[in-house]
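In what follows, a structure is listed as C-alpha cells, so that the remarks can point back to it.
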Amino acid sequence: MNFLPRRKTASPLNLTPLIDCMFLLVIFILLAARFEPEGGIPVDLPQASVKETAKVESINLSITAEGRFYLEQEEVERENLTQALLDLRTTLGDPEGRQIVLVVNGDREARHSWVVEALDAASRAHQQKVSIRTRE
C-alpha cells in the first residue's frame, strides 16, 4: 500500500470559454450577413466575361422587362428619374456624384431605349460614375 500523498498534475487548458466565444462569433456573422441580392428588384441580367472588382458605395437603378424603373427599390417614373437621383445623392451626402456609383441593373429583355433614358437622366443629374451590372 502506498500512503504517500498524490502529486497534483497540471490540469489541461480549459477550451470551453474559447468554444463559446467562437460559437457566438459564428452566430453574429450569420445574422449580420446579407442573403439577398444587392439590387432588390429581380431582373434577369445579361451575361458578360468581366467580373466586378471593387465594392464602393453605390445607388442601384433597376429596369424591369416591363419598363419600370426602381431607384433603390422605390419605383420612379421615367420623367422624374433625374430629380429622384439628385435627391437621393443629396441625402447620401454626395450631390456632385463623384464618389457614389450609379449601378444600372437592366433586365436582359428591357428595351435599349430605356437604358439610354436612364443613362441620359444620370448625365443630366451630373452623375459621374456609372456601372452596368451583368452576370458572370
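Within the stretch 45-67, take every residue that is out of contact with any strand residue (DSSP E or B) (no Cβ under 6 Å at 6 or more places or on another chain) and under 19 Å from GLU117 (Cα atoms) and give me the one that is modelled with the lowest pLDDT. Outline the logic, then answer.
Filtering the stretch 45-67 down to residues out of contact with any strand residue (DSSP E or B) (no Cβ under 6 Å at 6 or more places or on another chain) leaves 46, 48-55, 57, 64-67.
Filter again for under 19 Å from GLU117 (Cα atoms), leaving 46, 64-67.
Values: PRO46: 74, THR64: 92, ALA65: 91, GLU66: 92, GLY67: 90.
Here the answer is PRO46.
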Matching residues, the stretch 71-91, being surrounded by 12 or more Cβ atoms within 10 Å (Cβ to Cβ) and over 20 Å from PRO42 (Cα atoms)
ASN80, THR82, GLN83, ALA84, LEU85, LEU86, ASP87, LEU88, ARG89
Can you confirm whether the stretch 107-116 contains a residue that is in contact (Cβ under 8 Å) with a residue 40 or more places away in the chain, surrounded by 13 or more Cβ atoms within 10 Å (Cβ to Cβ) and in contact with a helix residue (DSSP H, G or I) (Cβ under 7 Å, 6 or more places away or on another chain)?
no
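The values are calculated or read from the model by the stated rules, or taken from the named source; none is laboratory data. What you see is a predicted model, and the numbers here were worked out from it, not measured in a lab. Every residue, glycine as well, gets a Cβ built from its backbone with ideal geometry; the counts of neighbours run over all protein chains shown.
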